[in-house]
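Laboratory data are not the source of any read-out in this text; all were calculated from the coordinates shown. This one's a predicted model, so the numbers in the text were calculated from it and none came from an experiment. Note that each Cβ is placed from the backbone with ideal geometry, even for glycine, and that neighbours are counted across all protein chains shown.
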Amino acid sequence: MAKLQLIKPREKRPREKWRNFTDWFNWIIMETEVYDFRYPVKGAYVWRPYGMRIRRLVESYVRLVHDETGHQEVLFPVFIPYEFFSKESEHIRGFENEVFWVSKGGTGEERLVLRPTSETAMMPMFKLWIKDHTDLPFKVYQIVSVFRAETKATRPMIRLREISMFKEAHTAHANREDAERQIKEAMEIYKKIFDYLSIPYLISQRPEWDKFAGAVYTIAFDTVMPDGKTMQIGTVHYLGTNFSRVFDVRYLTPSGDWEYVHTTSYGISERVIAAMIAVHGDDKGLALPPNVAPIQVVIVPIMYKGTEEAIMREVKSITEELTNAGIRVKVDDRTDKTPGWKYNYWEMMGVPLRIEIGPKDVENRQVVLARRDTMEKFVAPREGIVDTVKELLNVINDNMRSMAWEFLRSMTTKATTVDEARKRLDSGGVVEVPWSGDNDCGMAIQQLLDADALGVPMDEDASKDISGLRDLACSDKQANY
Ligand SMILES: Nc1ncnc2c1ncn2[C@@H]1O[C@H](COS(=O)(=O)NC(=O)[C@@H](N)CS)[C@@H](O)[C@H]1O
């Protein structure tokens with residue numbers, strides 16, 4: 001009798017992150033019940049409980065870093081009167097085709113826009129609140145829904161028409177110098193946020209032709225997604241007096257003159273969560289940095305006949321110790337699932353650390369630890385479990401960050417010829433090429449390479465060895481960047 005070799009059909013791997021990123025991403029946010037994009041409005045989706053727990057952890061850190069740098073939280077109406085919205089010509093030109101109108105409300109007497117961002121909502125109130133130089137610097141932020149009728153295809157959590165976790169900060173200053181000090185502070189705030197989420201980033205000043213509508217200049221944070229494309233995850237804008245002039249926001253200087261305030265604005269959205277999922281996830285599922293993992297440690301008891309009592313006593317005491325130390329713990333003592341099933345499930349949910357406890361472990365006063373980031377498994381003494389876990393969670397945060405930075409660096413290369421640049425771009429990622437700074441040449445480079453410019457790198461370690469290089473498109477011009 002031939003032995004039937006029963007091979008479990010390889011479960012149809014739902015998606016391979018590196019092979020088909022978008023399918024993988026959409027599968028993972030649904031499979032883990034973070035999000036639900038079946039809501040029947042294009043670009044407006046549902047955050048489910050597990051996703052909300054991640055979101056709240058991210059938001060509380062975003063609030064912390066803004067509160068501790070002198071920003072005050074406010075809440076503005078979602079409606080912007082058309083006459084405010086259309087005051088700043090650049091801004092209206094940039095957003096005109098992207099706004100949602102309130103077509104009817106009561107008698108529909110005034111034309112209202114749903115805020116796509118809130119400069120034109122805030123300026124009229126700044127005018128009422130700011131009178132004197134002692135009112136400056138004035139720094140507020142809000143985390144709200146904003147609405148953009150995106151013309152490009154919408155994508156769950158990435159390109160939305162209702163952006164529901166839009167943190168926008170708006171600040172006013174006595175002069176350009178103080179406003180640019182604020183720009184630097186905003187960049188440091190974003191670095192802290194992305195470091196907290198273990199997301200790597202490139203920082204560049206956007207070219208003139210791709211800055212925020214109404215800005216003097218825009219500085220952007222981008223990350224490289226698994227499909228080799230970049231995603232803008234945060235932006236900082238110096239707005240000069242472009243808005244304060246048209247909204248007449250002035251202050252009395254110490255010498256008794258009236259001056260327009262200089263303003264800035266800087267924003268991030270739920271895209272930062274999408275970036276975190278994309279950068280750290282793998283084919284097993286989510287991999288969440290401990291800082292924002294709703295469950296940081298899942299405990300799986302391994303039950304054997306007659307030992308349940310001892311094991312659950314041990315599980316209970318470890319859970320208490322970890323919880324009292326502020327660690328987010330979950331015990332999975334379901335009896336209808338095998339340990340193996342549970343391992344796969346909690347790996348898919350992205351829980352950074354698993355503790356397994358069986359009869360042998362209770363006997364030997366030890367636990368088995370399993371890391372989600374490296375998938376390593378090892379034994380640790382029961383004694384001092386709180387410190388062991390705390391230490392390990394930090395190690396995991398740092399390791400996830402450095403693994404992600406390694407990937408980003410591998411996707412950022414340099415080229416000095418069109419062919420070389422094209423070759424680099426074909427394998428995805430970002431290529432740095434010599435540019436004179438002339439806008440027409442910059443746009444010609446985009447055409448030549450059929451790629452969009454991120455801008456001029458502002459990372460500290462961006463090497464400046466451009467001596468003798470010519471502009472990639474205008475070879476008669478010396479490269480300056
Ligand atoms: N359609 C969208 N869906 C999701 N996130 C978006 C969308 N559009 C922009 N964002 C995110 O929101 C950030 C800020 O948007 S922005 O247009 O660049 N800047 C502003 O609106 C400024 N007023 C600063 S708040 C962007 O860096 C990007 O990460």
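Scan (1) surrounded by fewer than 23 Cβ atoms within 10 Å (Cβ to Cβ); (2) part of a helix (DSSP H, G or I); (3) within 10 Å of the ligand (Cβ to nearest atom) for the single condition Ala186 breaks and write down its number.
With (1) surrounded by fewer than 23 Cβ atoms within 10 Å (Cβ to Cβ); (2) part of a helix (DSSP H, G or I); (3) within 10 Å of the ligand (Cβ to nearest atom) applied to Ala186, the lone miss is (1).
Give all pairs with beta carbons closer than 9 Å in which a residue from segment 39-54 that is closer than 14 Å to Ile273 by Cα meets a residue that is of a type outside the set (A, V, I, L, M) and assigned to a helix (DSSP H, G or I); count only pairs at least 6 apart in sequence or on separate chains.
Sorted first by the residue in segment 39-54, then by its partner, the pairs are Trp47/Arg55.
Go through segment 217-261 residue by residue and tally those that are more than 15 Å from the ligand (Cβ to nearest atom), of a type outside the set (Gly, Ala, Ser) and more than 27 Å from the chain's Cα centre (by Cα).
Looking only at that region, the number is 15.
Say we look at segment 262-274 and pick out the residues that are near the ligand (Cβ under 9 Å from one of its atoms) and either of a type in the set (A, V, I, L, M, F, W, C) or free of Cβ contacts under 8 Å to residues at least 40 places away in the same chain (or both); which of these is farthest from Val46 (Cα to Cα)?
Ile268
Take the residues in segment 96-127 that are in contact (Cβ under 8 Å) with a residue 40 or more places away in the chain and β-branched (Val, Ile, Thr); name whichever of them is nearest to Tyr141 (Cα to Cα).
Of the residues in segment 96-127, the ones in contact (Cβ under 8 Å) with a residue 40 or more places away in the chain are 97-100, 117-127.
Next, only the ones that are β-branched (Val, Ile, Thr) stay: 99, 117, 120.
Details: Val99: 21, Thr117: 12, Thr120: 14 Å.
Per the stated criteria, the residue is Thr117.
Residue by residue, here is whether (1) within 18 Å of the chain's Cα centre (by Cα); (2) among the hydroxyl-bearing types (Ser, Thr, Tyr) holds:
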| site | (1), (2) |
| --- | --- |
| Met125 | no, no |
| Asp132 | no, no |
| Lys139 | no, no |
| Ser145 | yes, yes |
| Ala169 | yes, no |
| Ile189 | yes, no |
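Given the conditions (1) over 26 Å from Ile80 (Cα atoms); (2) assigned to a strand (DSSP E or B), report the number of the one that Lys167 does not fulfil.
(1)
Could you go through segment 310-321 and let me know if any residue there is within 24 Å of the chain's Cα centre (by Cα), over 25 Å from Glu180 (Cα atoms), more than 15 Å from the ligand (Cβ to nearest atom) and not in a loop (DSSP other than H, G, I, E, B).
Checked against the condition, which is being within 24 Å of the chain's Cα centre (by Cα), over 25 Å from Glu180 (Cα atoms), more than 15 Å from the ligand (Cβ to nearest atom) and not in a loop (DSSP other than H, G, I, E, B), segment 310-321 yields no hits at all.
How many of the residues in segment 189-216 are more than 11 Å from Gly234 (Cβ to Cβ), touching a Phe, Trp or Tyr at 6+ places or on another chain (Cβ under 9 Å) and within 10 Å of the ligand (Cβ to nearest atom)?
Of the residues in segment 189-216, 5 are more than 11 Å from Gly234 (Cβ to Cβ), touching a Phe, Trp or Tyr at 6+ places or on another chain (Cβ under 9 Å) and within 10 Å of the ligand (Cβ to nearest atom).
Among all residue pairs at least 6 apart or on different chains, which show Cβ distances below 8 Å where the first residue, located in segment 447-460, is within 23 Å of Asp419 (Cβ to Cβ) and the second is of a type in the set (A, V, I, L, M, F, W, C) and surrounded by fewer than 16 Cβ atoms within 10 Å (Cβ to Cβ)?
Leu448/Val418; Leu449/Val418
Out of (1) of a type in the set (D, E, K, R); (2) exposed (fewer than 15 other Cβ atoms within 10 Å of the Cβ); (3) out of contact with any helix residue (DSSP H, G or I) (no Cβ under 7 Å at 6 or more places or on another chain); (4) under 25 Å from Trp209 (Cα atoms), what's the single condition that is false for Glu383?
(4)
State the number of residues belonging to segment 74-91 that are of a type in the set (Gly, Ala, Ser) and in contact with a Leu (Cβ under 8 Å, 6 or more places away or on another chain).
0
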